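**Q** I am attaching a structure below and will ask some questions about it afterwards.
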Amino acid sequence: MNQILVIDDDDAVLKLTSLYLSRAGYHVEECLDSMKALGIISSSLPDLVLCDIHLPGLDGYGLLSALRAQPATEALPVIMMTAHADHPGFRKSMKLGADDYLTKPLDREELLDAVAARLARVRASAAPVAPPAPEQDAENLSAVTRLTDYKLVRKLAEGGMSSIYLADQKSTGQRVVLKLFPLKKGIAQEAIDRFVQEHKMLERLHHPNIVEIYAQGFNDEHLYIAMEYFQNGSLNEHLQAALPEAKAFEYAIQIAKGLEAAHRAGIVHRDLKPENIMVRKDGTLALTDFGIAKDLNAGSSMTVHGEVMGTPSYVAPEQAQGLPVGPAADVYSLGVMLFQMLTGRKPYQANDPANILYQHINSPIPKLPDDLAQWQDLVNFLMTKSPQTRPRDASAVLAVFRAFGLE
């Protein structure tokens, strides 16, 4: 049975963390004092240490430095904990040799995943080393080899500040998608906050029509999110022509159901488009890429008034004008995608993105072909220029679909 030492001066946090770990089958020792903890570690070396950063006297950074300075404990897995997550804290912990970094209040699943990953890494390092397999792709870059539980297969995409890789998780054998964000000099704190926020929002969303997140972590070069891999690609790859009418509405309903889960959690996606709708092998869809999503429950937004977020072909009129947006903006984007799924073309097209934005704001909603005219009122309702006259959120959209006999 693995032995874990938990160090925290908050007795309530200590007891809850110990409860989570003991119920998962670990033997746990609790300690409120960092100096006492050093004595425990030297006398009975645990398999892993969970340590709060902000401790009286010798803080977590000091304890970590002391462990890394001794040959007997220099390789001891240490996971740092703090209620004050920030980029300097990430960097300092990693420079001192931390293996992972968790924010409080601790999420049970995140805690257990982090602990299991660290212990698996220790077991793997102790096992006989097999001859290295041939590299599957030249993109297996040395810059990311410190993500030791993942073997990169190939790069899938590059967008904004992040890189997307197909990877195999060594400890589970599972194929995943890794979204990597570089931690390097000159990276704006806001960009880091957005990446961290994406994970925090996604871990609140558990729905069949939303991408599944497996893990989040970091080293001193990257933040990363490991998520579900979709062998059938994105919806965009299935829209080379109009979809059959029944399939278009089946997809629209699935997208609306995923959005409903997000909207109920107070999250507006803000970049809903076919490239961000993934297709599973069984034909079900999942929303992904919440990188610019807005959390309506947050105390403040990282969006500046007047800043246009999203993809021009799919943004709502209020979004195109840089105005505040709510769930109704996602409803408009869904309407645009429904038009595209039914017709095989986007409702507004131009070579100039500014022209497309202008059309979203000012141009009439295009007409569907005659054989689809029965759905014009539905498309008009979803794509109404004013958010006040659109369905207010995805739950309202599903009610409208039911009214049209579609669900």
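Values in this text are rule-based calculations from the coordinates and carry no lab data. Bear in mind that the values here come from a model prediction, so they are computed numbers and not experimental data. Here Cβ is always computed from backbone atoms with ideal geometry, including for glycine, and neighbour counts include all displayed protein chains.
**Q** Restricting to the chain, compute how many DSSP beta bridges are antiparallel as a %, nearest 5.
**A** Details: 31 of 49 bridges.
Antiparallel bridges make up about 65 percent of those DSSP assigns within the chain.
**Q** What does the extension gain come out to for ALA298 and ALA75, with contour length at 0.36 nm per residue minus their alpha carbon separation?
**A** 76.4 nm
**Q** Toward the positive end of the charge dipole of the chain, about the Cα centre and with charges on Cβ (Lys, Arg +1; Asp, Glu -1), which of HIS263, TYR150, PHE249 goes farthest?
**A** Farthest towards the positive end: PHE249.
**Q** With each run of n ≥ 4 DSSP H residues scored as -39500 (n - 2.57), what mean residue ellipticity at 222 nm is computed for the chain after dividing by its residue count and rounding to the nearest 500 deg cm²/dmol?
**A** So the helix-based figure for the chain works out to -11000 deg cm²/dmol.
**Q** Points 7 angstrom from Cα along the Cβ direction at ILE361 and GLU212: gap in nanometres?
**A** Once both label points are built, they end up 4.3 nm from each other.
**Q** Subtract the Cα-Cα distance of ASP9 and GLU158 from 0.36 nm times their separation in residues, and report this length gain in nm to one decimal.
**A** Difference between extended and current length: 49.4 nm.
**Q** Using per-residue counts of other Cβ atoms within 10 Å, averaged over each peptide, order 166-176, 324-334 from highest down.
**A** Most protected by this proxy first, the peptides run 324-334, 166-176.
**Q** Quick one: compute the contact order of the chain, relative version, from alpha carbon pairs under 8 angstrom and 6+ residues apart, as a percent.
**A** Relative contact order, the chain: 9 percent.
**Q** Determine the relative contact order of segment 249-288: mean sequence separation of Cα pairs under 8 Å and six or more apart, normalised by residue count, in whole percent.
**A** 43
**Q** For labels at ASP59 and LYS281 in the simple 7 Å Cα→Cβ model, what's the distance in nm?
**A** Each label point lies 7 Å from its Cα, and together they span 4.9 nm.
**Q** Just to confirm the number: angle between the C-alpha axis of helix 327-343 and the first principal axis of the chain, 0 to 90 degrees, nearest 10?
**A** With rounding to tens, the tilt is 60 degrees.
**Q** Which angle from 0 to 90°, rounded to the nearest 10, does the C-alpha axis of helix 87-96 make with the longest principal axis of the chain?
**A** 30
**Q** Also, quick follow-up: Just subtract the alpha-carbon distance of ALA403 and MET35 from 0.36 nm times their residue separation and send over the number in nm, one decimal.
**A** Separation in residues times 0.36 nm, less the Cα-Cα distance, equals 125.8 nm.
**Q** What's the angle, to the nearest 10 degrees (0 to 90), between helix 34-43's Cα axis and the longest principal axis of the chain?
**A** 60
**Q** Quick one: if you stick a label point 7 Å off each Cα along the C-beta vector at ASP352 and LYS95, how many nm between them?
**A** With each label placed 7 Å out from Cα toward Cβ, I get 4.9 nm.
**Q** Further question: Cα centroid distance between segment 326-360 and segment 216-240, in Å?
**A** The two parts, judged by their Cα centres, are 24 Å apart.
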